[in-house]
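The values are calculated or read from the model by the stated rules, or taken from the named source; none is laboratory data. Predicted, not measured: the structure shown is a model, and the values here were computed from it. Because the Cβ atoms are built from the backbone with ideal geometry, glycine has one as well, and the counts that use them run over all protein chains shown. Ligands, DNA and RNA are excluded from the accessible area calculation, which covers all protein heavy atoms including side chains. Shrake-Rupley method; radii C 1.70, N 1.55, O 1.52, S 1.80 Å.
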Amino acid sequence: IAQASDSARASSGLDGSGITVGVLSDSYNCLGGAVIDVASGDLPPGVNVLQEYESCSIGTDEGRAMMQIIHDVAPGAELAFHTAFNGIADFANGIIELAVIGGAEVITDDVIYLAEPMFQDGEVAQAVDRVNAMGVAYYSSAGNQGRQSYESDFTNSGITGYRSGYLRHEFDMSAGVDTLQAVTIPAGTQVIFVLQWQDPAYSASGAPGAATDLDIFLYNEAGSTALAGGTANNIGGDPVEVIAFVNTSSSNQTYQVSIEHFNGPIPQKIKYVYYGNMNIEEYNTNSSTL
């Protein structure tokens, strides 16, 4: 009713009949309520489950919830499901299987993997392009992060960071020099940072992979002690670092973010997206997260 699809059905006579809609999410029937949903009319009979979540003990059946909404909107459509939670490669394969095996002409997902490339099409996006070329309409959720992102060209400050050999990014683009970005994390809150930069990803396009090794650190408010850091060797692999940090104190705390160059040529664009409740106190670019 909120999107007037009931009015659209009444005026057009269309209800999705003859169309198969494919869904990718965590699980379909790990909680065991699918039979009840069919009996109540919340789902059509004969949902085609191509693959269920391997870790079904922690599945929330969000895929089934999505299907309930689709069935409300287009009650005549057939439905097919494939989990997207068994890894990035399986997510991409599931997209192809829904189209080729499941016969889906419309596919939707509500999933993101933190390591999906931000600066080029990764495995999942390439699979979307492939089924779209077959005539499949593909829809993905917009995500929940809004503008929770910092993006900039990497500016070498010449200032040593975490240890010898690390050179910090300059956040202050004015006449000043500031290699630390203040952020506030509420009490008891976890925040995940995903840093990427404009290098090719091995997982998306094969060799040679990333030419540069960048790292991200979270320091205490004074900037004197590193509390968390992503220090993987990225060269030849993917240009991505992920760190998670929990403010275990009973009050809001200020920390300092540092992006540091360790090896390889200086990259052009750098970008991090953060997941969780946090406030960037300075140099916030409010960049996109799609």
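Results, tabulated for the structure shown:
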{"read-out": "Label point distance in nm, ILE101-ALA187, each placed 7 Å from Cα along Cα→Cβ", "value": "5.1"}
{"read-out": "Cα-centred dipole magnitude for segment 167-246, charges only on beta-carbon of K, R (+1) and D, E (-1), debye, nearest 20", "value": "140"}
{"read-out": "DSSP bridge pairs, the chain: antiparallel proportion in percent, nearest 5", "value": "70"}
{"read-out": "Angstrom value of the Kirkwood radius, inverse mean 1/r, which spans all Cα pairs in segment 1-131", "value": "15.3"}
{"read-out": "Gain upon complete extension [ARG9, SER40; 0.36 nm per residue less C-alpha separation]", "value": "9.1 nm"}
{"read-out": "For segment 13-52: rounded, prolate or oblate by the Cα gyration tensor [a/c cutoff 1.5]", "value": "oblate"}
{"read-out": "The chain: calculated mean residue ellipticity at 222 nm from DSSP helix runs of at least 4, using -39500 (n - 2.57)", "value": "-5500 deg cm²/dmol"}
{"read-out": "Cα-centre dipole for the chain with unit charges at Cβ (Lys and Arg positive, Asp and Glu negative), debye to 20", "value": "300"}
{"read-out": "Per-residue HN-Hα couplings for segment 68-80 [Karplus 6.51, -1.76, 1.60; θ = phi - 60°; Hz; x = Gly/Pro]", "value": "4, 5, 4, 5, 5, 6, 10, x, x, 6, 7, 10, 9"}
{"read-out": "Spacing of the two label points (7 Å from each Cα toward its C-beta) at THR248 and GLU282, in nm", "value": "2.8"}
{"read-out": "Segment 175-219-segment 234-290 distance, computed between alpha-carbon centres (Å)", "value": "4"}
{"read-out": "Rounded D (µm²/s) - segment 150-193, Kirkwood Rh over Cα pairs, Stokes-Einstein at 37 °C, 0.692 mPa s", "value": "265"}
{"read-out": "Per residue solvent-accessible surface (Å²) - segment 1-148, probe of 1.4 Å", "value": "50"}
{"read-out": "In order through segment 23-37: 3J(HN,Hα) via Karplus (6.51 cos²θ - 1.76 cosθ + 1.60), integer Hz, x for Gly, Pro", "value": "10, 10, 7, 6, 8, 10, 9, 5, 8, x, x, 5, 4, 5, 5"}
{"read-out": "Long-range amide H partners of LEU79 with built H, under 5 Å", "value": "VAL21, ASN48"}
{"read-out": "Paired Rg and Dmax values of segment 221-270, which use every Cα atom, in angstrom", "value": "13.8, 42"}
{"read-out": "Charge dipole of segment 1-100 about the Cα centre (unit charges at C-beta), most positive-ward option of PHE91, ILE70, ALA10", "value": "ALA10"}
{"read-out": "Accessible area of the chain belonging to carbon and sulfur atoms, whole % at 1.4 Å probe", "value": "51"}
{"read-out": "Percent of Cα-Cα distances greater than 34 Å, calculated over the chain", "value": "34"}
{"read-out": "Most fluctuating residue given options ASP238, ASP37, ASP61, as computed from a GNM of the chain linking Cα atoms under 10 Å", "value": "ASP37"}
{"read-out": "Kirkwood Rh, angstrom, segment 121-256 [1 / mean 1/r, Cα pairs]", "value": "17.4"}
{"read-out": "Among PRO200, GLY33, VAL136 the positive-end extreme of the charge dipole of the chain (Cβ point charges)", "value": "PRO200"}
{"read-out": "Check: segment 207-290 dipole with +1 on Lys, Arg Cβ and -1 on Asp, Glu Cβ, in debye", "value": "160"}
{"read-out": "Segment 40-89-segment 124-158 distance, computed between alpha-carbon centres (Å)", "value": "24"}
{"read-out": "Max mean-square fluctuation residue, GNM over the chain, Cα-Cα springs under 10 Å, options ILE36, ILE96, ILE270", "value": "ILE36"}
{"read-out": "Most mobile of LEU180, LEU98, LEU31 in a GNM of the chain (Cα contacts under 10 Å)", "value": "LEU31"}
